[in-house]
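S.K.: Pasting a structure below so you can have a look.
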């Protein structure tokens, strides 16, 4: 008689399809997010003419909303045993947020876009992790979360490289200083990158 309850369960050779699907969704979501995040300082300060203090306030508010909403969404999804609606809304809101940033003509629009985008991240994070835990049995739970984290990290790397490549292609400049110096002239390039990122979510 096994002393560990997981000893009685055979270890599946493949991850559940739900785990694989969520991994690819997270990959695309991180590609989208990391296409935008590194460009926000140049866009807000260089194109829209906001101050560094304003930029700090935008990012601080974005981080704050993620912290509060992540805890709230996890509690609510446990209480009502509903995961999927939070995940769907959480992956849908960034489309609205990034589209708003692509259309921004003043920094408050970037603030609104960032808050909507981060609201989506907060809503989906805990319920998504719970879905992975529910889909993967105890014998493969570590592998399931490892796969998801790997896809998440790979998406972030691809997003940064894709944003850099697109900006270089559009502006003809590989360096941040050169892009920043001509940011007013290259504002359209930032908006195109934001629009492409919205389409990838």
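The numbers here are math on the coordinates, done by the rules we state, and not lab data. What you see is a predicted model, and the numbers here were worked out from it, not measured in a lab. So basically every Cβ, Gly included, is an ideal-geometry build from the backbone, and we count neighbours across all protein chains shown.
S.K.: Determine, for 30, 117, 152, the number of other Cβ atoms within 10 Å of each Cβ, and report the residues in order from fewest to most.
M.R.: 152, 30, 117
S.K.: Once you have the Cα-Cα distance between residue 141 and residue 199, take 0.36 nm times their residue separation minus that, and quote the gain in nm to one decimal.
M.R.: Between residue 141 and residue 199, full extension yields an extra 17.8 nm.
S.K.: Give me the angle, in degrees from 0 to 90, between the Cα long axis of helix 107-135 and the longest principal axis of the Cα atoms of the chain, rounded to the nearest 10.
M.R.: Helix 107-135 sits at roughly 10 degrees to that axis.
S.K.: Could you tell me what % of all Cα pairs in the range 8-106 have separations over 20 Å?
M.R.: The share of Cα pairs beyond 20 Å in the range 8-106 comes to 56 percent.
S.K.: Here's something else I'd like to know. May I ask you to compute the full-extension gain from residue 153 to residue 192, defined as 0.36 nm times their residue separation minus their alpha-carbon distance, rounded to one decimal in nm?
M.R.: This chain segment gains 11.7 nm when fully extended.
S.K.: So what is the orientation-averaged projected area of the range 16-200, using the convex hull of its C-alpha atoms, in nm²?
M.R.: 10.3
S.K.: Let me ask something else about it. Hey, could you pull the Cα Rg and Dmax for the range 84-169, both in Å?
M.R.: Taking only Cα atoms of the range 84-169, I get Rg and Dmax of 16.0, 51 Å.
S.K.: Given Cα pairs under 8 Å that are at least 6 residues apart, what percent is the relative contact order of the range 16-200?
M.R.: Contact order relative to length: 40 percent.
S.K.: Now, a different point. What is the extension gain from residue 109 to residue 134, computed as 0.36 nm multiplied by their sequence separation minus the C-alpha to C-alpha distance, in nm to one decimal?
M.R.: 5.2 nm
S.K.: Which order results if 22, 166 are arranged by neighbouring Cβ count within 10 Å, fewest first?
M.R.: 166, 22
S.K.: In whole angstrom, how far apart do the alpha carbon centroids of the range 132-165 and the range 56-100 sit?
M.R.: 18
S.K.: Also: If R₀ is 45 angstrom, what is the calculated FRET efficiency for the pair residue 168 and residue 61, using the beta carbon separation as r and rounding to 0.05?
M.R.: With a Förster radius of 45 Å, E is 0.90.
S.K.: Ranked by Cβ crowding within 10 angstrom, fewest neighbours first, how are 151, 109 ordered?
M.R.: Ordered by Cβ neighbours within 10 Å, fewest first: 109, 151.
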